[in-house]
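> What follows is a structure written as structure tokens; I'll ask about it next.
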Amino acid sequence: MQQGNIEIREVQFSNAELLPEIVKMMDEGHTVTLRLRGYSMRPFLEDNRDKALMAKAKDFKKGDAVLAEIEPKHFVLHRVIKISGNDVILRGDGNLSTEHCTKEDVKGFVIGFYRKGREKMDKTNGLKWTLYSLVWGALYPIRRYLLAAYRRIWLKLFKPI
């Protein structure tokens, strides 16, 4: 694919191979745009469709989307549910269960998302993403039913781009 005079190629690697290199780049001060894989952040983020712009994790708080290494070479991009001392509890928007890690295991902080093939980023500190986060977090007690309806009805009617 050509963009101006620059050739852009897209290459896929396993997360265990790619994400440690991504973490190194963020540690060097770079921001990284990463195509998302997996379904754990549904219904707002879709597998192989959306992208996240990330930077090195510094100050993160409850509600932030972060890249964390929950086991050696096993990374997740999930939302921070709770921080207690050095312990961090994470949950994907499309998950019912949680993961645990330490603050040092949180490697990246999401600045924004490119959703549905758009070139305009939804910033995580913007009104739209903040409202998504607040509403979806408040709906946790009925999330199981909402996710089931999303998978069984919404996705059949409106296939993701």
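The values are calculated or read from the model by the stated rules, or taken from the named source; none is laboratory data. Here the structure is a predicted model, which means the values were calculated and not measured. Neighbour counts run over all protein chains shown; Cβ positions are idealised from the backbone, glycine included. Each accessible area value is taken on the protein alone, full model and side chains, heavy atoms only, with ligands, DNA and RNA left out. Shrake-Rupley method; radii C 1.70, N 1.55, O 1.52, S 1.80 Å.
> Just to check your reading of the model, which residue among Asp47, Asp64 is within 22 Å of Pro141 (Cα to Cα), open to solvent by less than 40 Å² (accessible area, probe 1.4 Å) and modelled with pLDDT of 90 or more?
Asp64
> Condition first: more than 20 Å from Tyr132 (Cβ to Cβ) and over 12 Å from the mean Cα position of the chain (by Cα). Can you find one or more residues in region 35-47 that meet it?
no
> From the list Leu157, Leu77, Leu147, pick out the single residue that is more than 26 Å from Glu28 (Cα to Cα), of a type outside the set (Val, Ile, Thr) and surrounded by 15 or more Cβ atoms within 10 Å (Cβ to Cβ).
Leu147
> Okay, moving on. Just one of (1) under 10 Å from the mean Cα position of the chain (by Cα); (2) closer than 16 Å to Met121 by Cβ; (3) modelled with pLDDT of 95 or more trips up His78, so point out which.
Only one criterion in (1) under 10 Å from the mean Cα position of the chain (by Cα); (2) closer than 16 Å to Met121 by Cβ; (3) modelled with pLDDT of 95 or more is unmet by His78, namely (2).
> Any residue at all in region 17-29 that is assigned to a strand (DSSP E or B), in contact (Cβ under 8 Å) with a residue 12 or more places away in the chain and open to solvent by 40 Å² or more (accessible area, probe 1.4 Å)?
no
> Let me ask something else. Run Leu127 past the list (1) over 24 Å from Lys58 (Cα atoms); (2) surrounded by fewer than 10 Cβ atoms within 10 Å (Cβ to Cβ) and report the number of the one that doesn't hold.
Checking Leu127 against (1) over 24 Å from Lys58 (Cα atoms); (2) surrounded by fewer than 10 Cβ atoms within 10 Å (Cβ to Cβ), the one that fails is (1).
> Take Tyr114 and tell me if it is open to solvent by 40 Å² or more (accessible area, probe 1.4 Å) and over 18 Å from the mean Cα position of the chain (by Cα). Before the answer, list the steps.
Values: open to solvent by 40 Å² or more (accessible area, probe 1.4 Å): yes; over 18 Å from the mean Cα position of the chain (by Cα): no.
It is false that Tyr114 is open to solvent by 40 Å² or more (accessible area, probe 1.4 Å) and over 18 Å from the mean Cα position of the chain (by Cα).
> Looking at Asp59, Asp93, can you tell me which residue is of a type in the set (Asp, Glu) and open to solvent by less than 40 Å² (accessible area, probe 1.4 Å)? Steps first, please.
Values: Asp59 fails: open to solvent by less than 40 Å² (accessible area, probe 1.4 Å).
On inspection, the qualifying residue turns out to be Asp93.
> Just to be sure, is Ser14 among the small types (Gly, Ala, Ser) and under 27 Å from Arg151 (Cβ atoms)?
So Ser14 passes the test.
> All but one of (1) out of contact with any Phe, Trp or Tyr (no Cβ under 9 Å at 6 or more places or on another chain); (2) surrounded by fewer than 14 Cβ atoms within 10 Å (Cβ to Cβ) hold for Cys101; state the number of the condition that does not hold.
All conditions are met except number (2).
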